[in-house]
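Undergrad: This is the structure I want to talk about, given as structure tokens.
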Amino acid sequence: MLIEIVSDEQLINLYTEGGYLVAVDYPRNEAKLHTIDCMLADPISSVGVKPSKMKENKTGEFWYSKNRSEANSKAEEIAKKKDYTYVICPICNR
Ligand SMILES: [Zn+2]
């Protein structure tokens, strides 16, 4: 099941669940796939995504799924629709 992530807290609570995060960055024209435990997908990390702020500023959107192919399909769908680059994060891709 695909879940929209709208806050940092929501994402933090999913950390131990495993699964995948699609991080859509509007200014960068990019849809990126992360594993949920990637440091770039961790709002607590200084380099991590910040869903609350991005939602508030309308600079991005986030989707979570436990299933990689489902998350992947969502990232590809958004990339295609918005003509964004689809990226698999090089740090957590394994
Ligand atoms: Zn990553």
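The values are calculated or read from the model by the stated rules, or taken from the named source; none is laboratory data. This one's a predicted model, so the numbers in the text were calculated from it and none came from an experiment. All accessible areas refer to the heavy atoms of the entire protein, side chains included, with ligands and DNA or RNA removed. Shrake-Rupley method; radii C 1.70, N 1.55, O 1.52, S 1.80 Å.
Undergrad: Could you work out [θ]222 nm for the chain from helices alone, using -39500 (n - 2.57) per DSSP H run of at least four and dividing by all its residues? Round to the nearest 500 deg cm²/dmol. Each step should come with its number before you reach the end.
TA: Working: 3 runs with 28 residues, N = 94.
Helix-only estimate at 222 nm: -8500 deg cm²/dmol.
Undergrad: Could you compute how much accessible surface residue 36 exposes when probed at 1.4 Å, giving the result in Å² to the nearest 10?
TA: Result for residue 36: roughly 0 Å² accessible.
Undergrad: Then there's this: For 1, 39, what's the largest-to-smallest order of accessible area, 1.4 Å probe? Numbers along the way, then the final one.
TA: Working: 1 165, 39 105 Å².
From most accessible down to least: 1, 39.
Undergrad: What figure, in Å² to the nearest 10, do you get for the accessible area of residue 83 with a 1.4 Å probe and non-protein molecules left out?
TA: 130
Undergrad: Now for a separate question. So with the 1.4 Å probe, I'd like the accessible area per residue for the chain, rounded to whole Å². Before the final figure, lay out the partial values.
TA: Details: 5390 Å² over 94 residues.
Ligands and nucleic acids excluded, the figure is 57 Å² per residue.
Undergrad: Rank these residues by their accessible area, most exposed first, probe 1.4 Å: 55, 74. Numbers along the way, then the final one.
TA: Numbers: 55 90, 74 30 Å².
Descending accessible area places them as 55, 74.
Undergrad: What percent does the relative contact order of segment 1-63 come to when contacts are Cα pairs within less than 8 Å and at least six residues apart? Write out the running numbers ahead of the final one.
TA: Values: 103 pairs, mean separation 25.6, N = 63.
This gives 41 percent for segment 1-63.
Undergrad: What percentage of the solvent-accessible surface of the chain, computed with a 1.4 Å probe over protein heavy atoms, is contributed by carbon and sulfur atoms? Don't skip to the answer; put the middle values down first.
TA: Values: 2730 of 5390 Å².
Exposed carbon and sulfur together represent 51 percent of the surface.
Undergrad: Quick check of the Kirkwood formula: for the chain, what is the inverse mean of 1/r over all pairs of different Cα atoms, in Å? Please report the intermediate quantities before stating the final value.
TA: On the way: mean 1/r = 0.0785 Å⁻¹.
Across the chain, the inverse of the average 1/r is 12.7 Å.
Undergrad: For 76, 70, what's the largest-to-smallest order of accessible area, 1.4 Å probe? Mind showing how you got there, number by number?
TA: Details: 76 90, 70 65 Å².
Ranked list, largest accessible area first: 76, 70.
Undergrad: Which far-off residues, 5 or more places away or on another chain, put their amide H under 5 Å from the one on residue 5, with H placed in the peptide plane?
TA: Answer set, sorted by chain and number: 62, 63, 64.
Undergrad: Still on this structure, I have one more. Are any of the pairs 53/80; 53/81; 53/74; 32/74 more than 18 Å apart by Cα-Cα distance, and if so, which?
TA: Details: 53/80 25 Å; 53/81 23 Å; 53/74 22 Å; 32/74 10 Å.
Those over the limit are 53/80; 53/81; 53/74.
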